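Notes follow the structure.
The values are calculated or read from the model by the stated rules, or taken from the named source; none is laboratory data. Since we're looking at a predicted model, the values are computed, not measured. In this analysis, Cβ positions are derived from the backbone assuming ideal geometry, glycine residues included, and neighbour counts consider all displayed protein chains.
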Amino acid sequence: MREASPYIRAHRDEVFVVYVAGDALNEPGMLGLIQDLILLRGLGVKLIIVHGARAQIDEKAKESDVRQAFIGDLRVTDEPTLACVKAAVAAVRLELEARLVQCALDAPRRGSALTVAGGTFITARPAGIVGGVDLHFTGEVRHIDRNAIERRLACDELVLVSPLAYSPTGEVFNLNSLDLACAVACELGASKLILMMDPPGIVDNDGNVMRHLTVGDASEFGTADPVVTRYLECALRACRFGVGRVHLVDRSIEGVLIDELYTRDGIGTLISNTPFDQIRQATIEDVGGILALIGPLERDGSLVKRSREKLEIEIEHFSVVVREGVVVACGALYPLESKFGEIACIAVHSDYRGAGFGKLVLDTLERRATEAGVRRLFVLTTKALHWFLENNYARAEMSDLPIERQAMYNFQRNAIVLSKRL
Ligand SMILES: CC(C)(COP(=O)(O)OP(=O)(O)OC[C@H]1O[C@@H](n2cnc3c(N)ncnc32)[C@H](O)[C@@H]1OP(=O)(O)O)[C@@H](O)C(=O)NCCC(=O)NCCS
């Protein structure tokens, strides 16, 4: 709960679009997934679910003996196929609505009935002729009625979007559900698009899930798996068109949505426009995060005790590394007289040591010092002597410190003085 609470706050009232493929409905983990979606809504997330129905359409076409053809990833939707699509999509939608309502009633917030909203939110146009083949009633998104969707969300309703849409000429079109999810997320400016994948996410050559990719990294990522490629293309398009973050998660993992969205490191692959770990100058809003980070280190004597008031006054000297809104590393640069400076309060959260965060903070503070015209840096440490030595600091004497700083030296702490010329 402690780890989750910043995320509960951060995600409240944010719009998330979750994509669930049709075949997920037939999997044993479906009920757990629906329960987690209800939980997300209970935690204040404005939820839009976009569902697919490919497996159910295939089944229906087989039952009805309707031959299926594909051009790349797109189904050729002739009249007999459109009949199968309508039947399958309607069945999936009804099934999903039933499960959502059931889970909402079973959830702890009893009494707060769930309304699942649908509607004529999407306008379509024909996909046309591709490679000489007429795709008939296969369509593309032409327009999304953002206001109508937002009105439903504002009424605390869950919006369920199905992959069928109407053209102004009154025809019904079969849409690719993954493209539809992407388009809805972009149009709504969703803060997250979550793709519940069948493959186990984006994995490296050793089979490990790649936790975070920037758009640049993801564009260069090569995979032979056409399904993963489709998900990646969709994620990249969403990021480029303004969706804050795209999460690709393995839907077969029980509780994957909660692990992904309410823990610091997540469990799937996050793709975003910005580097995951940002180092920046601290602001007054970071005071709480810095205090939480340095508290244990003050108690074990690694760092000098600072009160909240002192930290608030000195906050402009601090730089912080923030992961998913949580301060995981910090450090400060204090100007001293005569072009001297002091590095202080470098701290890295114990879960993140040895990953280069300390060095990132130190480099940043040194750059800030150089920019400010500082010629020589000092640091006083009780527990990180070797770390500073390895980062090119050399032992110095107390008498090397500027006089004013010498007067403030705490003999009880008996810290070692180190220095580095810039
Ligand atoms: C010192 C500290 C900031 C280093 O942060 P970090 O992100 O783990 O460091 P980096 O990833 O940049 O460097 C890791 C390397 O430094 C070494 N290292 C980390 N802390 C060390 C220490 N106290 N003494 C000696 N070496 C240390 C690691 O063993 C690792 O080396 P290796 O890869 O050869 O094993 C972090 O350990 C910390 O917060 N310590 C407690 C607070 C403190 O003492 N701060 C300094 C007061 S000014």
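Just a few scattered comments:
- Taken over region 141-190, the criterion of being polar (S, T, N, Q) and either in contact with a helix residue (DSSP H, G or I) (Cβ under 8 Å, 6 or more places away or on another chain) or in contact (Cβ under 8 Å) with a residue 40 or more places away in the chain (or both) is satisfied by SER162, SER167, ASN174, ASN176, SER177.
- Among the residues listed as THR115, THR81, the single one being farther than 26 Å from LEU188 by Cβ, touching a residue at least 24 places away in the same chain (Cβ under 8 Å) and of a type in the set (Val, Ile, Thr): THR81
- Residue-level check: of (1) out of contact with any Asp or Glu (no Cβ under 9 Å at 6 or more places or on another chain); (2) part of a loop (DSSP other than H, G, I, E, B), ALA238 misses just (2).
- Restricting attention to region 11-32, the residues that are part of a helix (DSSP H, G or I) and under 14 Å from HIS247 (Cβ atoms) add up to 1.
- Answer from ILE315, ILE279, ILE271 - the residue that is buried (at least 17 other Cβ atoms within 10 Å of the Cβ), over 30 Å from ILE38 (Cβ atoms) and more than 16 Å from the ligand (Cβ to nearest atom): ILE315
- Conditions (1) in contact with a Gly (Cβ under 9 Å, 6 or more places away or on another chain); (2) at pLDDT 95 or above: number failed by PHE137: (1)
- The criterion of being closer than 15 Å to CYS103 by Cα, in contact with an Asp or Glu (Cβ under 7 Å, 6 or more places away or on another chain), surrounded by 15 or more Cβ atoms within 10 Å (Cβ to Cβ) and not small (Gly, Ala, Ser) holds for LEU25.
- The residue of region 384-396 that is farthest from the ligand (Cβ to nearest atom), among those that are assigned to a helix (DSSP H, G or I) and over 16 Å from GLU366 (Cβ atoms), is LEU385.
- The single residue among LEU105, LEU94, LEU114, LEU100 that is among the hydrophobic types (A, V, I, L, M, F, W, C) and part of a loop (DSSP other than H, G, I, E, B) turns out to be LEU114.
- The residues of region 39-66 that are surrounded by fewer than 16 Cβ atoms within 10 Å (Cβ to Cβ) and at pLDDT 95 or above, listed by number, are LYS62, GLU63, SER64, ASP65.
- Whichever residue in region 322-341 is surrounded by fewer than 21 Cβ atoms within 10 Å (Cβ to Cβ) and within 21 Å of LEU389 (Cα to Cα) and, among such residues, is farthest from the ligand (Cβ to nearest atom): PHE340
- Among the conditions (1) within 13 Å of the ligand (Cβ to nearest atom); (2) within 31 Å of the chain's Cα centre (by Cα); (3) buried (at least 17 other Cβ atoms within 10 Å of the Cβ), THR381 misses just one, which is (2).
- Lone unmet requirement of (1) closer than 26 Å to ASN26 by Cβ; (2) buried (at least 16 other Cβ atoms within 10 Å of the Cβ); (3) under 27 Å from the mean Cα position of the chain (by Cα) for GLY118: (2)
- Close pairs (7 angstrom Cβ cut-off, 6 or more residues apart or separate chains): of a type in the set (Gly, Ala, Ser) in region 341-356, more than 7 Å from the ligand (Cβ to nearest atom) and assigned to a loop (DSSP other than H, G, I, E, B) anywhere: GLY341/VAL374
- Cβ pairs under 7 Å, 6+ apart, first in region 84-95 and assigned by TED's automatic domain parsing to the domain that holds ARG67, second surrounded by fewer than 16 Cβ atoms within 10 Å (Cβ to Cβ): CYS84/SER64
- Options VAL287, VAL256; residue that is surrounded by 17 or more Cβ atoms within 10 Å (Cβ to Cβ) and over 19 Å from the mean Cα position of the chain (by Cα): VAL287
- Within region 346-378, the set of residues being within 6 Å of the ligand (Cβ to nearest atom) and either in contact with a Cys (Cβ under 7 Å, 6 or more places away or on another chain) or within 21 Å of ASP300 (Cα to Cα) (or both) comprises ILE346, ALA347, VAL348, ARG353, GLY354, PHE357, GLY358.
- Residue, modelled with the lowest pLDDT, within region 385-412, restricted to residues that are under 21 Å from LYS305 (Cα atoms) and exposed (fewer than 12 other Cβ atoms within 10 Å of the Cβ): GLN412
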